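Each value in this text was obtained by applying a stated rule to the coordinates, not by laboratory testing. Source: prediction; values computed, not measured. Here the Cβ positions follow ideal geometry from the backbone for every residue, glycine too, while neighbour counts run over all protein chains shown.
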Amino acid sequence: MRHGKKVNHLGRTASHRSALLSNMASSLILSKRITTTVAKAKALRKYVEPLITKAKNDTMHSRRTVFSYLQNKESVKELFGTVASRTAERPGGYTRIIKMGDVRLGDNAEMCLIELVDFNDIYKKEGAVKKAKTRRGRTAAKGKKAEGAEVVAEAAVEEKAEKPAKKRSKKADADSDSEG
């Protein structure tokens, strides 16, 4: 039984697996999107998301910690520069795995695309402004409905007041035409 064994070994030794994930994480950070197998993408997500979270706090300690994982100066610079600035307000979930539906010709492995969420311009809504969530009880919701009903009632009263005035003016016009 495999109780409590969360690490996907990917058919590799520990050193080979860490080198693979380090290189894939560097490639993902530098190019923002890579194509790989689903199993490797799921393992990469667990590897790279904590690094992105650590990059939000730009200190020497966090840079050295991230460098110990990535072993690439350019990817660390990119991570702490553009990636950290884009993901600053996101609380997590920095990557997206999109299954492509095709398989690799050699071993029939299911392929996917893993990308950084904030760098895909296709899914972004232009001009979307995030509204602050507010918590209201049931009584507040009833109060809004009551206000809305009052506004509608006032508008109906105004319309009724305008209609007889128009009728009177037509009658007055007709009387003035008959007199003249």
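Figures for the structure shown
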| item | result |
| --- | --- |
| Residues of segment 73-122 classified as under 20 Å from the mean Cα position of the chain (by Cα) and of a type in the set (Lys, Arg), total | 4 |
| Condition broken by Tyr69, with the remaining ones in (1) more than 17 Å from Ser31 (Cβ to Cβ); (2) out of contact with any Leu (no Cβ under 8 Å at 6 or more places or on another chain) satisfied | (2) |
| Enumeration of residues in segment 2-16 that are under 14 Å from Tyr47 (Cα atoms) and surrounded by 11 or more Cβ atoms within 10 Å (Cβ to Cβ) | Asn8, His9, Leu10 |
| Given (1) surrounded by 11 or more Cβ atoms within 10 Å (Cβ to Cβ); (2) within 21 Å of Leu20 (Cα to Cα); (3) free of Cβ contacts under 8 Å to residues at least 12 places away in the same chain; (4) of a type in the set (S, T, N, Q), index of the condition Thr82 fails | (2) |
